[in-house]
1. In nm, what is the difference between 0.36 nm times the number of residues separating Ala21 and Ile78 and their Cα-Cα distance?
2. Can you give the calculated 222 nm mean residue ellipticity of the chain, where each DSSP H run of n ≥ 4 adds -39,500 (n - 2.57) and the sum is split over every residue, rounded to the nearest 500 deg cm²/dmol?
3. Work out from phi, with θ = phi - 60° and the Karplus expression 6.51 cos²θ - 1.76 cosθ + 1.60, the ³J(HN,Hα) of each residue of the stretch 96-108, listed in order in whole Hz, and give x for Gly and Pro.
4. Modelling each spin label as a point 7 Å along the Cα-to-Cβ direction, I'd like the Ala126/Ser32 distance in nm, to one decimal.
5. Suppose we take every Cα in the chain and form the convex hull; what volume per residue is that in Å³?
6. Val7 to Glu52: extension gain in nm, 0.36 nm per residue of separation minus the Cα-Cα distance?
7. Please determine, in degrees from 0 to 90 and to the nearest 10, the orientation of helix 51-75 with respect to the longest principal axis defined by the Cα atoms of the chain, where the helix direction is its Cα long axis.
8. Between Asn19, Asn44, Asn84, find the one with the highest GNM mean-square fluctuation for the chain; connect C-alpha pairs within less than 10 Å.
Amino acid sequence: MNIFDKVSVFDLKKAGLINLAVGGINVLIHISVIAGLLPYMWVNGGRTESYEMACSISTSSIVVTLIGMIITLVGAKIIPVKFNRFWGIAFTVFLVAMLPLAFVGIVQQFLGTLFEKCFCSILTIAGFLTSFRIAFEKRWPPKKG
């Protein structure tokens, strides 16, 4: 049994829902920074120099996270989309290509502030594991002929 068979044991839709929950918490964290409820020095590795810069970064993070949540809805088949062979393979390749970026996110969390090390790292690991499950789902029909 290889790693892909082991990952496939975990339910795809559950992985999608967990991934959506992680994204939702991420959005809430960034809204809290924008609203001033969470100190902006607690995120972005504590390197943000001003509240205005933190708001800009948090706004960008919210947009990227929302796009990722839409991709998760399709990738986890929560919103069913029929792919032909080409688009199914292309979508899967895109998801697999994004995994190294998600892994870099884990490393960044452990190099960040105490809040990021203790809380955000757990979210990022959960997001990575569920993204891994979603990425390796077969989405295309068998080859004809």
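Please treat every number below as a calculation from the coordinates, not as lab data. Quantities reported herein were computed from a predicted structural model and do not represent experimental measurements. Here the Cβ is made from the backbone with ideal geometry for all residues, glycine too, and neighbour counts use every protein chain on show.
1. Numbers: separation 57, 0.36 × 57 = 20.52 nm, distance 1.36 nm.
19.2 nm is the gain from fully extending Ala21 to Ile78.
2. Working: 5 runs with 96 residues, N = 145.
Only helices count here, giving -22500 deg cm²/dmol.
3. Listing the rounded values in order: 5, 5, 7, 4, x, 5, 5, 5, 4, x, 4, 4, 4 Hz.
4. Simple spin-label model gives 1.3 nm for this pair.
5. On the way: hull volume 16.7 nm³, N = 145.
Per-residue hull volume (Cα only) is 115 Å³.
6. Numbers: separation 45, 0.36 × 45 = 16.20 nm, distance 4.14 nm.
The Val7-Glu52 span can extend by a further 12.1 nm.
7. 20 degrees
8. Ranking Asn19, Asn44, Asn84 by mean-square fluctuation puts Asn84 first.
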